[in-house]
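Asks: Got a structure here, written out as structure tokens. Questions coming.
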Amino acid sequence: MQNSKIKLIGFQIFGHSLFQDGSIFSIQTASQVTSRTKSRVYQLNGHLTLNRTIGIVGINATGKSTLMEIFKGLNDLYLKSLSIDQTSLIHSFRSNERRIRVRTFFASDTDDRFCADTSFAQTLADESTTPAPTKQFEWLITAEKIYHSKTAASKSKYFEFKENQLAAQRSALSQKERLLLSPKDSIFRIVLQQSTMFYDVISTVSLTDSNVVKSFADETPPELLEYLDSSIDYLKYKVDDSGHTLSYILKFKGEENIIVVSNLSDIANYLSSGTIKGITLFYEFLNALRQGATLLVDEIELHVNKQIVRDFIGFFSDPKINVNNATLVYSSHYIELTDDLDRQDEEYILIRKVQTKLCRLNDAKVRTELKNSEIFQNNYLKGTAPSYTRYMNLKRTIVKHNQSLSQDATNTMGSGENSRDVK
């Protein structure tokens, strides 16, 4: 692993209450790379090809955000060596049986490949550290095996391992190692050299319901402002030595007045929500493109013009811009965005009945002449459109509610007339 860099590729999950057992999510290519689509993929090493963009679509409550939070949490647990309760896994793990097993896949740019096969259990927190009135459950690691190989493997079997490729096992640790290792920490870093570098995973999922400006070093690029809102002259930032923003300095073209605010929320009084979201998206996109990171963006179309979203996504699929081989994983309710995905393995469709099924479009066996958006909107895969029966039940509820209000109004008027008669 000397001078190599490792990347989280995907995972397979069992026991999660939302997803079907054995569900797999991966940024690895799963279909043939042609001359027409080769610019949309990149080689991490001599045997592994990855997608530059992955789109996730599904109706409400199918688990799009949860899927991305699990991906981010696994990266932080294994590659950043954080404890479970320091990651997004603490709120993205949900299990009726309070047990989850995850097989997490990694690969390096020097042809190393890994699988962390980990079992998690949710137990009551230690009463000695948690007061009785605030008892909570916590996730702990109960079993763990790490597999490693450098031997060549086909695309379909790249992350299949044999027992003789077992590199570390939690149950085989010495007594001293067990005492030093928390049940909330993984043994994965034991396998890696401490100097091993990794490609980061950047997530904006926690910011989905908020719309705040991300500060650049000293000034928002004027080219970005011109693209988003040509009426803005500049947006600068005054920061202290630690990088904390002290004030925001905004000026519009043709106006002498310079607006200075110290509170981030006050910017929203002067800039449109679309401009604010555009600045934030560009900041995160630029950050990921510089690092070659995997960027997770939930509901990418929120507040932003659809063409701007398309243009921003295009930064990742353009190898002249995406020179560090970053990957964008986004979810969207703007289904037409998926028509821009030229490869069927770039799209995951989440279909929920009792549990959510992760359907990669290349596995769906649909007619190739259909647009990606048509497959979803026409409910071709059954479960990608709201239930008609549930819609009719909701409609009847509205009718009953209106009838009830009308009856109440009639009764009120009637009682008023009666009271006047009595007088």
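Asks: Sorting check: for 196-204, 96-104, 395-403, which peptide has the highest mean count of neighbouring beta carbons within 10 Å, and how do the rest follow?
Replies: Ranking, from highest mean packing down: 196-204, 96-104, 395-403.
Asks: Using 16 Å as the cut-off for backbone N distance, which residues of the range 13-45 belong to the label zone defined by a point 7 Å from the Cα of residue 97 along Cα→Cβ?
Replies: Correct set: 13-23.
Asks: ³J(HN,Hα) across the range 200-206 via Karplus (A = 6.51, B = -1.76, C = 1.60, θ = phi - 60°), whole Hz, x for Gly/Pro?
Replies: Each residue's phi maps through the Karplus curve to give 7, 10, 9, 10, 10, 4, 5 Hz.
Asks: Continuing with the same structure: Summarise the long-distance tail of P(r) for the range 214-270 by giving the % of C-alpha pairs beyond 20 Å.
Replies: 20 percent
Asks: If you average the alpha carbon positions of the range 289-349 and of the range 234-248, how far apart do those two centres end up, in angstrom?
Replies: For the range 289-349 versus the range 234-248, the Cα centre distance is 29 Å.
Asks: With all distinct Cα pairs included, what does the Kirkwood hydrodynamic radius of the range 289-373 come out to in Å, to one decimal, could you say?
Replies: Answer for the range 289-373: a Kirkwood hydrodynamic radius of 14.2 Å.
Asks: Give 5/72; 353/395; 155/306; 72/150; 7/353 a once-over and call out the pairs whose C-alpha atoms are over 27 Å from each other.
Replies: 155/306; 7/353
Asks: A further question follows. Of 345, 117, 76, 363, how do they rank once you tally other Cβ atoms within 10 Å and put the fewest first?
Replies: The order, fewest Cβ neighbours first, is 363, 117, 76, 345.
Computed from the coordinates by the stated procedures, all read-outs in this text should not be read as laboratory data. Because the structure is a prediction, the values reported are computed rather than measured. We place every Cβ from the backbone using ideal geometry, glycine too, and count neighbours over all the protein chains shown.
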